[in-house]
Every structure is written in C-alpha cells, then in structure tokens.
C-alpha cells in the first residue's frame, strides 16, 4: 500500500501537476471520462459542449459511430446523475475509492442495491495513471448543481 501511495504522489508531482499548470488537466480527465464511457450513466452538464466534442473525436479516432443510446438517451434518464459539482462535495480520496469499489458506498435498500450492482459492473478499470487523471478531473468539477441522480442511494 505504501508503494502505491508513493507511486501516486510521484505520478502527481511529475505528470499530473504540470499538466494542470498548463491547463490541460481538464482535457485529459475529460478524455478519460469519455473513453471509459462514463457519460453513458453520468452527465457533466456544465461541460456538455466539451463532452460532446470529445465523444465525437473519440468515435472518429476509433472509426466508429456513436451508438443510438449514447446520443438519444436524455440527460434526465441517466441514473448516475450530473457530476458538475462533484468536486464540491467529494474529495480525491473518496472519489478514488468510489470509482474502484462503488458497492461499498451504497445504502442497503433494495433499489439502491440494484444501482450498486450495476455500478460495480461499470467500475473504473483503467490504469493507475488514468485513475489519477480522472479523479483529478472529477475533483476539479465545482460548478453549480444541475439535477438529481443516484446520490440519494449513497451513504453519507
């Protein structure tokens, strides 16, 4: 565990922090958000235009078209809710744990258990560097709240 913390600290100092200073941190984190398809359950309404551009660029780079459910699914139908203000309410440590082991953070009510099971299947599976970049991005999201999501199922 100690080695992971040291690795994360060094990675942050030498790669993530300089990227943030150049103003590229949000772009890198947003790219991972899109490439990991987090947008299928979550929105970031405060950055909707940038997310759409990133989705289109990703699809074009992969030589694929966005699936109908990706573009037709309305923001109100996305169960994960809007993450525009997640950085106001959650710190990097919480976000890191949540994206890796989401089941631990859900209440035990039946409806919440269903959401937790789906969330576990869609937990973040990228590299350690991608995880740190994504969490740094999410922690930076401190816009105004844009609607409800599954937050009522999360433990305090």
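The values are calculated or read from the model by the stated rules, or taken from the named source; none is laboratory data. Every value quoted in this text rests on a predicted model; they were computed, and no experiment measured them. Virtual Cβ from ideal backbone geometry, glycine too; neighbours counted across all protein chains shown.
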- Item | Residue list for segment 102-129, restricted to those being within 20 Å of residue 87 (Cα to Cα) and either outside any helix (DSSP H, G or I) or under 11 Å from the mean Cα position of the chain (by Cα) (or both) | 106, 123, 124
- Can you work out which of the residues in segment 48-101 that are touching a helix residue (DSSP H, G or I) at 6+ places or on another chain (Cβ under 7 Å) and part of a loop (DSSP other than H, G, I, E, B) is modelled with the lowest pLDDT? 79
- So residue 124 fits all but one of (1) surrounded by 14 or more Cβ atoms within 10 Å (Cβ to Cβ); (2) farther than 21 Å from residue 145 by Cα; (3) at pLDDT below 90; what number is the exception? (3)
- Task: For residue 32, state whether it is closer than 16 Å to residue 132 by Cα and modelled with pLDDT of 90 or more.
- Result: yes
